[in-house]
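The values are calculated or read from the model by the stated rules, or taken from the named source; none is laboratory data. Worth saying up front: this structure is predicted, and the values here are computed from it rather than measured. Positions of Cβ are backbone-derived with ideal geometry, glycine not excepted, and every protein chain shown enters the neighbour counts.
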Amino acid sequence: MSLWNRFLAGFDTAMVIEMLLRIVIAAVLGGIVGIERSRRFKDAGVRTHSMVACSAALMMMISKYGFLDLLGRNGIGNSDPGRIAAGIVTGISFLGAGIIYRDSQRHSIKGLTTAAGIWCVAGIGMAAGSGMYFLAVFATVFVVLLQFVMHRYTIGRDKYTGARVEIAVKDDPAAVEKLGELFRKWGILIEDSDIERSEGCLVYTMDIKMESTQIKDEISRSIASFPEMIYVKFMGQ
């Protein structure tokens, strides 16, 4: 058997191409679901869904095709090689869950994409271990490119960062309207808010989403320039 045929694990070229396309199709379909979730500002966005779908397709093909050489030599009998793959998938989930945490300062969930990446890496390792080198190499390159592209060109919620801010304005309808205009200008989304009256002013405590952390300086400068605004303070600073 030639080196190329060994790399393809004994599959013909047409079957290899179909397997690679399955990974791409799974990632695209997962990304479509992620776009919908991302537009609703859910923490698991396009990247996470794409990587999970890509990983699931990879592991499914390993379970389906990765042990044909073993079964072909020894017969099916009582052996169940797919059982090992299922155990790896279950076990790696606990590791991924340990990476996910809530960032109390930014008021967002962190580690989702990393957890999905670990699951995908488990699939890559399973592919390499079963001798399906072409799947392992392709999935590695594809996931790295997917991460790079999705980080560079963010979609929906992925381009927003969370923050908790306290803003005090004069207890006057005009001041409240001015604050609303500034938020619309900056494209800030309010997830949760609390209002208190204190010595003739309104104190807003809000969980917000903004496209860039650099906008914090602009918020501070703008509020300082209007007499209706009293102060702004970002929590955790």
With respect to residue 181, is the statement that it is loosely packed, with under 12 Cβ neighbours inside 10 Å, modelled with pLDDT of 80 or more and part of a strand (DSSP E or B) true? no
Considering segment 133-163, residues that are at pLDDT 80 or above and touching a Phe, Trp or Tyr at 6+ places or on another chain (Cβ under 7 Å), and then whichever is surrounded by the most Cβ atoms within 10 Å (Cβ to Cβ), we arrive at 134
For segment 186-224, enumerate the residues that are charged (D, E, K, R) and modelled with pLDDT of 80 or more. 194, 196, 197, 207
Inspect segment 108-126 for any residue being at pLDDT below 70 and surrounded by fewer than 21 Cβ atoms within 10 Å (Cβ to Cβ) and give the result as yes or no. yes
